[in-house]
Amino acid sequence: MTVDLADVQGLFARGYGDLRAAAFLLLGIEDATAARRWLGDAAGAITGAAVRPEERALNLAFTRSGLGRLGLPADALSMFSNEFVAGMTTPHRTRILGDFEENAPERWNWGSPSGPQIDLALLLYARDGAGLHLLEEEQTRGLAAGGLALRHRLGTSDLDDFEPFGSRDGISQPFVEGLSKTGPPETTVRVGEFLLGYPNEYGLYTARPLLDASTDPRRMLPRDPEGSGRADLGRNGSYLVLRQLGQDVPGFWRYVDGATQRPDGSSDPPARLRLAAKMVGRWPSGAPLTLAPDADDPSLADANDFGYHELDPRGARCPVGSHIRRSNPRDSLDPRPGSSRSWEVNRRHRILRRGREYGTSLTIEQALAGGDTTERGLHFICLNANIQRQFEFISQTWLNNPKFDRLYDDADPIVAPSSPHGGTFTIPTEGVRKRVAGIPRFVSVHGGAYFFLPGLAALRYLAAIETAPGPRAAPLGVFAR
Ligand code: HEM
């Protein structure tokens, strides 16, 4: 399958790892006409996926309200997926994602239903802090004239590829058909799982906005590859999930330290590190417990070519309830764990993770000493073509589900909201299995929204929408210009 990389935003192909500095600007549209003009200019500066940028990158994504405010008519909006149209904060989604109590959307810093509307996210990346400063200055200068207001800025920090709890992050990604990095067939996912307008793992095209061709007389959009003749507004676009996840680093290490203390009440650093690794499923270097069960082995830091069924069916090496085993169970899924059928099911629930950390890092000792008041965490970002079957399924059925894979009271020990009595985590060993209990909540949600990351042709098309004149311009759905 050939992917039209020249029309795809770069974030699909890469996380811009060499561009160490990043900031995400969450914007609201105040004047639709000015915003479309701004978008027309900005579209030319958006980084595509065909070339690897060396200095800076700029990507752009819209919420449903953003597309509506730009003037996309209601019938076109209704063809986007339900999850995107309804947004992340409906009561149903709140249950699926575990966003209740302290995590309730009403308490978020941004993206809450009662807060200022977020219409678009401008994602800025640069080689270093100075480069980012310059890029951000250039971009913010034009916002007011472009009818846009800055609602919230999400800064990030370069923690050398470690997340704030201290594990290396950003190691495991699916191979995607059509991209240059190739891998074994069982872990190579069809491009339609991430981009709209291509066949997915079911051999089908994911539902997407297909517009009447008359709304695109200048043929700005690609035509439906399935041959309906309609204009494909979705093609080369993806759904982008953004969640600000705060991490309580002192709380995490206090808990892990307490759970591994010696009978005399003193800390046991090796046992502490082992429990943290069991919870994640990888050692701090990144080495997977499945391949390095007894001690960290930095030579395996990038290792990702493994399954669970043959080496570790019961989880004696990497617990079934660990974060990486439940967020990607690989070949442990029914039916027939270890078979190609198991991998096939797994390929329907993958995401491309593109998050960035924020806040400063703390050593374990600093964390145990109480840390500081700095906020730290992960701006979790992932791309997928079907939010419900990918991001939401992973969250609900795998991470937050206490009955995951024959467990009965264990949700994800790192990221799941804890139950009132605290979470439990089962550690199978060769002999009796151990359980730790009373796990508090380490990760809290401070904001979130579902976005659409359009293809570049679609961006230009959105900039060219024409609406009825007048102060309360009603979208007409006529796009000729
Ligand atoms: C603050 C919250 C989180 C932290 C600290 C965290 C941390 C980690 C770490 C350390 C890894 C292993 C390194 C790697 O493979 O890249 C990992 C892997 C992963 N995480 Fe998370 N994560 C968080 C939230 C989430 C969420 C919300 C999801 C999905 C809804 C998720 C999905 C995944 C997936 C799919 C993998 C790869 C597993 C694999 O393929 O083996 N994570 N995470």
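The values are calculated or read from the model by the stated rules, or taken from the named source; none is laboratory data. Please read all numbers here as calculations on a predicted model, not as lab measurements. Cβ atoms come from the backbone with ideal geometry, glycine included; neighbour counts cover every protein chain shown. Surface accessibility is based on the protein's heavy atoms, side chains included, excluding ligands, DNA and RNA. Shrake-Rupley method; radii C 1.70, N 1.55, O 1.52, S 1.80 Å.
When the trypsin sites (Lys or Arg not before Pro) in the range 283-333 are filtered for DSSP coil states and for at most 14 other beta-carbon atoms within 10 Å of their beta-carbon, the remaining sites are 314. Distance between the modelled labels on residue 33 and residue 408, one decimal in nanometres: 6.7 nm (7 Å Cα→Cβ projection). With each label modelled as a point 7 angstrom along the Cα→C-beta vector, the residue 219-residue 437 pair spans 6.9 nm. Entry comment: accessible area of the range 141-274 is 43 Å² per residue, from protein heavy atoms only and a probe of 1.4 Å.
Given a 1.4 Å probe and the protein chains as shown, residue 79 ends up with an accessible area of around 60 Å².
Every Cα-Cα pair in the range 38-182 was counted, and those over 19 Å apart are 68% of them. Here the simple spin-label model places points 7 Å from the Cα toward Cβ, and for residue 268 and residue 340 these points are separated by 4.6 nm.
Overall, the anisotropy analysis places the range 241-304 in the oblate class: the square-rooted eigenvalues a ≥ b ≥ c of its C-alpha gyration tensor yield a/c not less than 1.5, with a/b not exceeding b/c.
Put a plus charge on the Cβ of each Lys and Arg, a minus charge on the Cβ of each Asp and Glu, and nothing anywhere else: the dipole of the chain about its Cα centre is then about 860 debye. Among the trypsin sites (Lys or Arg not before Pro) in the range 149-240, those placed in a DSSP loop whose Cβ has at most 15 other Cβ atoms within 10 Å are 181, 218, 219.
Each of 277, 207, 109 was placed along the dipole of the chain (beta-carbon charges, centred on the mean Cα), and the one lying farthest toward the positive end is 207. Residue-wise HN-Hα couplings along the range 50-65, as the Karplus relation 6.51 cos²θ - 1.76 cosθ + 1.60 with θ = phi - 60° gives them from phi, are 6, 10, 8, x, 9, 10, 7, 8, 9, 10, 8, 9, 10, 7, 4, 5 Hz; Gly and Pro carry x. Projecting the Cα atoms of 442, 40, 259 onto the charge dipole of the chain, computed from C-beta unit charges around the Cα centre, puts 40 farthest toward the positive end.
Dipole size of the range 185-255 about its Cα centre, with +1 on Lys/Arg Cβ and -1 on Asp/Glu Cβ: approximately 240 debye, rounded to the nearest 20.
For residue 267, the solvent-accessible surface with a 1.4 Å probe is about 40 Å², rounded to the nearest 10.
The residue 141 and residue 226 beta-carbon pair, evaluated with R₀ = 25 Å, returns a calculated FRET efficiency of approximately 0.05. For the range 180-221, just say rounded, prolate or oblate: build the C-alpha gyration tensor, square-root its eigenvalues into a ≥ b ≥ c, call rounded for a/c under 1.5, and beyond that prolate if a/b exceeds b/c, oblate if not. Prolate is the answer for the range 180-221, as a/c is 1.5 or above and a/b outweighs b/c.
Seen from residue 28, the other residues with C-beta closer than 12 Å to its C-beta sum to a net charge of -1, counting Lys and Arg as +1 and Asp and Glu as -1. Remark: the range 1-101 carries a charge dipole of roughly 60 debye about the Cα centre, counting +1 on each Lys and Arg Cβ and -1 on each Asp and Glu Cβ.
Taking Lys and Arg as +1 and Asp and Glu as -1, the other residues whose beta-carbon sits under 12 Å from that of residue 277 total +3.
First select every other residue whose beta carbon is under 11 angstrom from the beta carbon of residue 397; then total the charges, Lys and Arg +1, Asp and Glu -1.
Net of charged neighbours comes to +1.
P(r) tail, the range 1-82: Cα-Cα pairs separated by more than 23 Å, 35% of all pairs.
Loop-located trypsin sites (Lys or Arg not before Pro) in the range 353-450 (DSSP state other than H, G, I, E, B) with a sparse environment of at most 14 neighbouring Cβ atoms within 10 Å: 403, 433.
Per residue, the accessible area of the range 1-105 comes to 39 Å² when a 1.4 Å probe rolls over the protein heavy atoms. Ligands, DNA and RNA aside, residue 189 has an accessible area near 0 Å² when probed at 1.4 Å. How much FRET efficiency would the formula 1/(1 + (r/R0)^6) give for residue 133 and residue 107, where r is the Cβ-Cβ distance and R0 is 30 Å, rounded to 0.05? My answer for the efficiency is 0.45.
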